[in-house]
Amino acid sequence: MSTTEREDRTGLVVRSDDDRYPVDNPGVEHEPPRYTDTDERAGNGAYRFVVTCFGLVPVFAIAFVVIYFAVPKNLFIDLGASHLMAQHVLLGLTLGMAILLVGVGAVQWARLLMSDEEMTEERHSAASSAETRAAAIDIVYQGLEESQLQRRKLIGRSLLGALGILVVPAVVTLADLGPWPTRSVRAQTIERTIWGPGVRLVNDITYKPIRAADLEIGQLVNAEPENLQELHGHEVLVEKAKAAIIVVRMDPNSIKIPESRSSWHVNGILCYSKICTHVGCPISLWEQQTHHLLCPCHQSTFDLGNSGVVVFGPAGRSLPQLPISTDEEGYLIATSDFPVPVGPSYFERDSRNDYEDGDN
Amino acid sequence: MAKPAPLSEQTTVPATPAERTPGPVLRRVAGPVTWADERVGAAGLGKFFLRKIFPDHWSFLLGEIALYSFIILLITGVYLTIWFKPSMAEVEYEGSYQLLRGLAMSEAYESTLHISFDIRGGLLMRQMHHWSAMLFVASMFAHMLRVFFTGAFRKPRELNWVIGVALLALGTIEGFAGYSLPDDLLSGTGLRFVDGLIRSIPVIGTWAEFFVFGGEFPGTLIISRLYMVHILLIPGLLLALIAAHMALLVYHKHTQYPGPGRTDQNVVGYPLFPVYMAKAGGFFFIVFGVTTLMGAFMQINPLWTYGPYNPAQVTAGSQPDWYMGWVEGAIRIMPGWESHWGSTTWSWNVVVPGVGLMGLLFTLLGVYPWIEAWLTGDKREHHVLERPRTNPTRTAFGVAGITAYIMLMLGGGNDIIATQFRMSLNNISLVLRVAVFVAPVLAFLITKRICIALTRVDQERLLHGSESGIINRSPAGGYSEDHLPISQGEAFTLTSHNEYPVLESEEISPRQAKARRFFYGDNMSKPTRAELEAAAHHADGHDGDHELGDGDHHAVTGSRQPELTGGKD
Ligand code: HEM
Ligand code: FES
C-alpha cells in the first residue's frame, strides 16, 4: 500500500490515501514533438504563415480607410436576394479581417512555434495557515484595544447608528421617482381614458369618423377617440396606450349580448378595448368565423361574440367593452368612458365589476 | 482519453540556452521598465504573474469568450454613445432612409436611424454591439454549464460561482435595457410587457410602475433612465464583478481536468508568458474579428423596418431576444389565473412566470453549491474537475434543468412552431403545461442511468482493458475476445476522482443519511488497488479472456472511508 503522509502549509498532517489513487500517478505525459519541431520546412512554413497574417493586417487597415472615404453610402451591391449597403459591408469586411488576422497569427505562433512543454505549479489550499490566522486575530485584538472600542463601547455603537441612518435620506430622495399612485392619482391616470359621452370613433390611421352604416358584418376596424388629435407630444402616446379600440360588426343573431349590455351596441356593432388584459399588447388578430380575437404576444384569445371573455391563454380577465351609440349624422360615438379600467391588472384594481362568462 | 496505449517514450525537446543579448525592443523598453519597477515594483509583479500556469482545455475558452465579448461591448458601446440621444422628445424624421421620412418619432429612434444610415460604419457598430451582446449572454450560459457539470463550483470556488450567477443575471438585464433604448415598435412592445410585469407584483406593483416609468406608461423618462442603467450602472457592476471573478480565479488557480500528473495539489499547463499571452490575446482578436464579420454580413435587429413605437400597433410574431425566450414561454403557457379578493387584483398569471420564475432560477443557481455540499457532506477542497459521469445525480439535475429550460423556450416560440408545423397553437400550449413538469423528471432519470452505465464502461476498461477486436476461437468451439491493458495514464485518469464517504455512519442524522443515499447511493465505486492488481493477474493467467458479467459492481457501502474534511479546522 502506498499511503503517504505529509505536512501541509498549516502543519496538519494530510494523509493522501490510497483509495483516492488506486493507480500510481504516472506523472505528466509529455507530448510527442510536433511536426514543426522536427521538420525544418514545416517550422519555416509556420513562421511564414504567422508573418503573413501579421503582414496582411496593414493591408486591410488601409483598405478600410480608403473605403471609408471613397465608397459613397448610397451605393448598393445586389446579390439577387440580398441588397447590401456597399460601404457598410466593405468596412466590416476589411476591419473584421484586420482584427481576425492578428488573432489567427498569434494563436498559430503559440500553437506551432512556442515551446509546448507543459509545466507544473504547486497549488496551496485557499485557507491561510494556522499561524497566519492566529496572527491576524492578535492584530484585531490589539487594534480593538488601541482604539478603546471595547472600553468605551458607545463610540462603536453610535458610529454604526450614525452610518446606518445615512441610508434614510438616500432612500427618501427616491420618493420623487414618480408621482404617487394614490386613489385620486389612479383615478386620473390609469383608471381613466379620454373616451366620454359623445366622443366620436375615428379610424386610427385616417382619423375619419366611422359611420355605422358603412361597416359590414364580419368587418373589424382599429379606431381611436376623435379628441386624441387635440393632444400633443407624449400625451398622445400615453392616451393612445389606453384609448385604442377595435370596432367589429357581427350578426346580432349569432352572438350573445347580456341584458345589462343591450344598449351598448349598434345593430351588432360592438366596441372593445384593443389593449390586452394580460400585459397590455395591442390585440390584432381577428377570426371572423368564430368571433375570436387573438393577442399576438401570448395568444390570449377573447370571444367578442360573448362580451370579450377569455377562451384561451394566459389573460385573466375579459376585454373591457366600450358602450357606443350613433349621433344624429349616423357616426359612431361613445356613450361614456370604459366602465372598468383597461389594460393589464394591478393590485389596487377593483375587478368585481368586470364581465364574467354567464353574467347578465 | 480513450487511447489504449503504451506510453509514448519520453521525448524532451533539447532546451536551447536563452540568448541574453537584448534585441532592439528590449533595449528600448529597458528604461521605462526600470522606471516602473522603481515606482511600482514592476519586476516583482512580472515575476509573480508572467510564469503563472494555466491548464489548457477547449471548455475553458467559454469563459474567455464571455470576457472578450464584454470588452467588445464596452468598445462598440462607447462609439454608439457618441451619436445616440436618449430622449423621448418628438421630432420629425428628415434623414436619408426614405421610407420613414416625415414621420413623427422619438429622438432616440431618430438618432438610431441616424447611426444606421448617416454615420459611416455606424450600422457596423450597432450590429457588432448587438451580436456581441448575444455572444456575451450565450457564452456565459455555456460557461456556467461547463462549471456546473464539471463540479468547478465546489469548495473553494463557491463565491466565484455566486459572482458568476450575478453576472448572468446582470448580463440579462443589461441586454434587455439595451434592447429597449432605440424606442422602435419592437422594443416599445417589450417595454409595454415590462410595464405589465412590474404592475403585476402584489401590493407594490402600481407604485413600482409609477416609480420606474415616472408616471403612466410610457411617459417621457423611461428611455433616459434605461440609458443610465445601460451605460453606467450595470456596466459598472459588471466590471467590478468581473474583476472580482478574475481575482479569485488567480487566487484559487484554475481547475484542471483529471489526467496523468494532475492532482489536487498542483496545476499543470502552460505559462502566461509567452504561451497564454499569445493564445488568449490572439483568441480575443479572433472573437473580435468574428464579431466584426458577423456585424458586417449578418443583419440583426433591422429596426428601420419596424417603425417608431406606437402603443396601438404590434408587429406580428414579436419576439424578445433569445435569452428572454424562456420567460416569454413561461408567460405564454401559464393558465390565466387571477384572484379578485375584495377590491384587489392578484395576477398570478403574470407575476408567477414573469417575476417569480426568474427569481427562482437565479436563487436556485446561487445556492446550488451549498445544496450539494449538504447532500453529500463533502467539505473538502477540489481542484481536479469531475467528468460529468462520475457524478450522476448532479449531471442529472443539470440535464433536468436544461430540459425545463428547453420546454419553456419552446413555449416562447409556440406561434412559430404552430405555423411552421401546422399544429394547433392551443394544443402546443396545453402539452407544454404538462411537459414542463414531466420532461425534466424523465430527463433526470434517464441521465442518471446513462451516467451510471458510462461509469461501468470505465470500470470494464480498468479491470479488463480495452477491446482489441481480435476474436479467438478455442479448440472446444467457444469464442472470446482479447483485451489489451490500458495505459497507466488512462487508468490514473479514470480513478482519480474523489469518492464520497460510506453511507452507514453514526455521525450523521437519518435525514442526512437519506439525502446521501439519494445523491450517491447508486454511484459505482471505483476498484481498489487490490482489485486492480487481481484483475491484472487474472488477465495474465487467462490470456485476457473476458465474459461480460456484473460481478464488478461495488456498492458504496463498502468499508473504505476517505478523509472528508479539508484539513483546516
Ligand atoms: C461576465 C461574465 C463572465 C466572465 C467574463 C467570466 C470569465 C471567466 C473566465 C475567463 C474564467 C476562467 C476560464 C474558464 O474557466 O472559463 C472563469 C472562471 C470561473 N467562472 Fe466565470 N465568467 C463569467 C460568468 C460566469 C458565470 C455565469 C458563472 C457561473 C454561474 C461563472 C463561474 C465561474 C467559476 C466558478 C469559475 C472558476 C472555475 C474554474 O477555475 O474552473 N462565471 N470565468
Ligand atoms: S399581452 Fe396579450 S396575451 Fe399577453
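The values are calculated or read from the model by the stated rules, or taken from the named source; none is laboratory data. Remember, it's a predicted structure, so these values are computed and weren't measured experimentally. Counting neighbours? That spans all protein chains shown, and the Cβs are built from the backbone with ideal geometry, glycine included. Only protein heavy atoms, including side chains, enter the accessible area calculation; ligands, DNA and RNA are left aside. Shrake-Rupley method; radii C 1.70, N 1.55, O 1.52, S 1.80 Å.
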* To do: Convert each backbone phi in the range A:328-339 into a coupling constant with the Karplus relation 6.51 cos²θ - 1.76 cosθ + 1.60 (shift: θ = phi - 60°), then list the ³J(HN,Hα) values in order as whole Hz, x for Gly and Pro.
  => 5, 8, x, 8, 6, 9, 7, 9, 6, 6, 4, x
* Structure fact -> The set of residues whose placed amide H lies less than 5 Å from the amide H of B:Gln319, leaving out same-chain residues fewer than 5 positions away, is none
* Of the options A:Ala134, B:Thr390, A:Pro225, report the single residue whose Cα projects farthest towards the positive end of the charge dipole of the protein assembly as shown (beta-carbon charges: Lys, Arg +1; Asp, Glu -1). => A:Ala134
* Structure fact -> Karplus ³J(HN,Hα) for the range B:204-221 (6.51 cos²θ - 1.76 cosθ + 1.60, θ = phi - 60°; Hz, whole; x = Gly/Pro) runs 9, x, 5, 5, 4, 4, 5, 6, 5, 8, x, x, 6, 5, x, x, 10, 9
* Average partner chain C-beta neighbours within 10 Å, per residue of B:484-492? -> 3
* Straight distance only, please: which aspartates and glutamates reach the Cα of A:Lys240 with their own Cα at less than 13 Å, same-chain residues fewer than 8 apart left out? => A:Asp204, A:Glu224, A:Glu226, A:Glu230, B:Glu216
* **Acute angle (nearest 10 degrees) that the helix A:234-243 long axis makes with the longest principal axis of chain A, alpha-carbon atoms** => 70 degrees
* **Helix axis angle, A:40-70 relative to chain A longest principal axis, alpha carbon, degrees** => 40 degrees
* Asked: In deg cm²/dmol, rounded to 500, what helix-only [θ] at 222 nm does chain B give when every DSSP H run of at least 4 residues adds -39500 (n - 2.57) and the total is split over its residues?
  -> -18500 deg cm²/dmol
* Asked: Is the protein assembly as shown best put as rounded, prolate or oblate by its Cα gyration tensor, with a ≥ b ≥ c the root eigenvalues, rounded for a/c under 1.5, and otherwise prolate when a/b is larger than b/c, oblate when not?
  -> prolate
* With the contact rule set at Cα under 8 Å and sequence spacing of 6 or more, what percent relative contact order holds for chain B? -> 17 percent
* Once you have a ≥ b ≥ c as the square roots of the Cα gyration tensor eigenvalues for the range A:188-353, tell me rounded if a/c is under 1.5, and otherwise prolate or oblate according to whether a/b is larger than b/c. => rounded
* So what's the angle, to the nearest 10 degrees on a 0 to 90 scale, between helix B:158-180 and the longest Cα principal axis of chain B? -> 30 degrees
* To do: Averaged over every viewing direction, what's the projected area of the C-alpha convex hull for the range B:355-471? Give it in nm², one decimal, please.
  => 12.2 nm²
* To do: Find how much the distance from A:Asp24 to A:Arg183 grows on full extension, using 0.36 nm per residue of separation minus their present alpha carbon separation; answer in nm with one decimal.
  => 49.6 nm
* Asked: For chain B, with every protein chain kept in place, what is the accessible area per residue (1.4 Å probe, Å²)?
  -> 46 Å²
* Which order, highest average first, do A:287-299, B:94-106 follow once you tally other Cβ atoms within 10 Å for each residue and take the mean per peptide? -> A:287-299, B:94-106
* Asked: What is the average number of partner chain Cβ atoms found within 10 Å of a Cβ in B:260-268?
  -> 6
* For the range A:266-314 and the range B:348-405, compute the distance between their C-alpha centroids and round to whole Å. => 40 Å
* Structure fact -> Using alpha carbon positions and the Kirkwood radius, the Rg to Rh ratio of the range B:227-320 is 1.17
* To do: Give the Rg/Rh ratio for the range B:98-178, taking Rg as the radius of gyration of the Cα atoms and Rh as the Kirkwood radius, to two decimals.
  => 1.23
* **Shielded residues, the range A:237-252 - accessible-area loss of 20 Å² or more between chain alone and all protein chains, probe 1.4 Å** => A:Leu237, A:Val238, A:Lys240, A:Ala241
* Asked: For chain A, what is the accessible area per residue in Å² when the probe is 1.4 Å?
  -> 53 Å²
* Compute the Cα gyration tensor for the range A:106-187, then decide on rounded, prolate or oblate, letting a ≥ b ≥ c be the square roots of its eigenvalues: rounded whenever a/c is under 1.5, prolate when a/b is larger than b/c in the other cases, and oblate in all that remain. => oblate
* Structure fact -> Each label sits 7 Å from Cα toward the beta-carbon; between B:Ala169 and A:Gln148 the label points are separated, in nm, by 4.4 nm
* Please report, as a whole percent, how much of the solvent-accessible surface of the protein assembly as shown comes from carbon and sulfur atoms (probe radius 1.4 Å). => 63 percent
* Can you give me the Cα centroid spacing of the range A:20-51 and the range B:158-183 in angstrom? -> 40 Å
* nm² value of the averaged projected area, convex hull over the Cα atoms of chain A -> 41.4 nm²
* Report, as an integer, the average count of C-beta atoms from other chains found within 10 Å of each Cβ along A:309-322. => 4
* **Dimensions in Å of chain B - Rg and Dmax from alpha carbons** => 29.2, 95
* Hey, rough spin-label estimate for B:Thr419 and B:Leu233, points 7 angstrom out along Cα→Cβ, what's it come to in nanometres? -> 3.5 nm
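Total Lys pairs in chain B closer than 15 Å by alpha-carbon, pairs eight or more apart in sequence or interchain only?
Value for chain B: 6.
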* **Pairwise burial B:A, computed as accessible area of each alone minus the pair, summed, 1.4 Å, Å²** => 10400 Å²
* Packing-wise, with mean Cβ within 10 Å as the measure, how do B:225-235, A:258-268, B:347-357 rank, highest first? -> B:347-357, B:225-235, A:258-268
* Determine the residues within the range A:166-190 where the difference in accessible area between the chain on its own and the full set of protein chains amounts to at least 40 Å²; count protein heavy atoms only and use a 1.4 Å probe. => A:Leu177, A:Pro179, A:Pro181, A:Ile190
